[in-house]
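Since every read-out is calculated from the coordinates, none of them should be taken as a lab result. Small disclaimer: the values here were computed from a predicted structure and weren't measured. No Cβ is skipped: glycine too gets one built from the backbone with ideal geometry, and neighbour counts run over all protein chains shown.
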Amino acid sequence: MKRRELTPAEQIVEHADASLLEIIDHVLNKGVMIRGEVMLGVAGVDLVYLRLEALLCASDKLLSKGEE
Amino acid sequence: MIALYAIALGAPDGLAGARGEPLRRLPWGAMTLLAGDAPLPLSAETLRAHEAAVRRIAEQSEACLPARFGAAAESDDALVKAMRAREGELLDALRLVRGREQMTLRIHGSPVPAAAGAGGTGYLEQRRREQRLPALDPLRAALDGTVRAERIEPHTEAGLLASVYHLIDRGAAPRYAQIVRETPLGDLRAVVTGPWPAWSFAPEVARS
């Protein structure tokens, strides 16, 4: 069976390195928002939010392993 | 459709957005709104490009409140209108971040188990104390005089206790990082990144 293509949000979650995870937390989770306006291009961003803590945690474990 | 990149004090001409497009400076009282072309679709590259554009603004302005990726409005007028209700709050935040930048700490370790028998108000007070992470007090003491403001975001993922965001004076990042490296935190492990624009010190929502 042909695998479906990953959405942009899924691609980010699957392939993010430590530096991108830091950028995601700051750029998608923080900063001034405009309520009531269109958040263009941010479809699927909930998936990134949901996985962010786990990814940040995992990136530290990978980092620790590399330092041993 | 236009994208908002930042709200700034003392922003110069000639700044560029995520596509490299010239940013427009929209004067608004003492502040300037920096707006560019419509937001780019979500991808790793566009997130990096947005961060880089905000970083350029922060480095060249007196004070900068970053706008979240995707913050957009139909027109310049709609953008200013969306901001109007929060003018005082935004000005206060700009004064706080003026001449400063942000450091981010990820605090890893095991959570301290809640004491048995604490109920009601006592439990809530205990939770409040725990979320402030008193185990970081030695670091807070070592950073006294370096850190100008602190925000803490508790996490629920096992092993990742919290993210701590510190506002420091521009240029103080090397000293800050050295203090973090040299301060023992017992069973906790602090991973530091920065300096960043002051993402975690911007009021989150401007109501339209």
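Points worth noting:
- Scoring B:87-98, B:160-171 by mean Cβ neighbours within 10 Å over their residues and listing the highest first yields B:160-171, B:87-98.
- Rough spin-label spacing in nm, given labels placed 7 Å along Cα→Cβ, for residue A:50 and residue B:98: 4.4
- Projected-area mean, the protein assembly as shown, by convex hull of Cα positions, square nanometres: 18.0
- Karplus (6.51, -1.76, 1.60) ³J(HN,Hα), θ = phi - 60°, over the stretch B:35-40, in Hz, Gly and Pro reported as x: 10, x, 4, 3, x, 7
- For the residues B:99, B:36, B:159, a GNM of chain B with alpha-carbon springs under 10 Å puts the largest fluctuation on B:159.
- Expressed as a fraction of 2.2 N^0.38 Å, the value expected for a compact globular protein of N residues, the C-alpha radius of gyration of the stretch B:2-98 is 0.98.
- Derived scalar couplings ³J(HN,Hα) [the stretch A:46-51; Karplus, 6.51 cos²θ - 1.76 cosθ + 1.60; whole Hz; x for Gly, Pro]: 4, 4, 5, 4, 4, 8
- Residue with peak Gaussian network fluctuation, chain B [Cα springs, cutoff 10 Å], from B:63, B:82, B:44: B:44
- Where Rh is the Kirkwood radius over Cα pairs, Rg/Rh for chain B: 1.03
- Between the amide H of residue B:160 and those of B:109, distances stay under 5 Å, these residues lying 5 or more places away or on another chain, with hydrogens modeled in the peptide plane.
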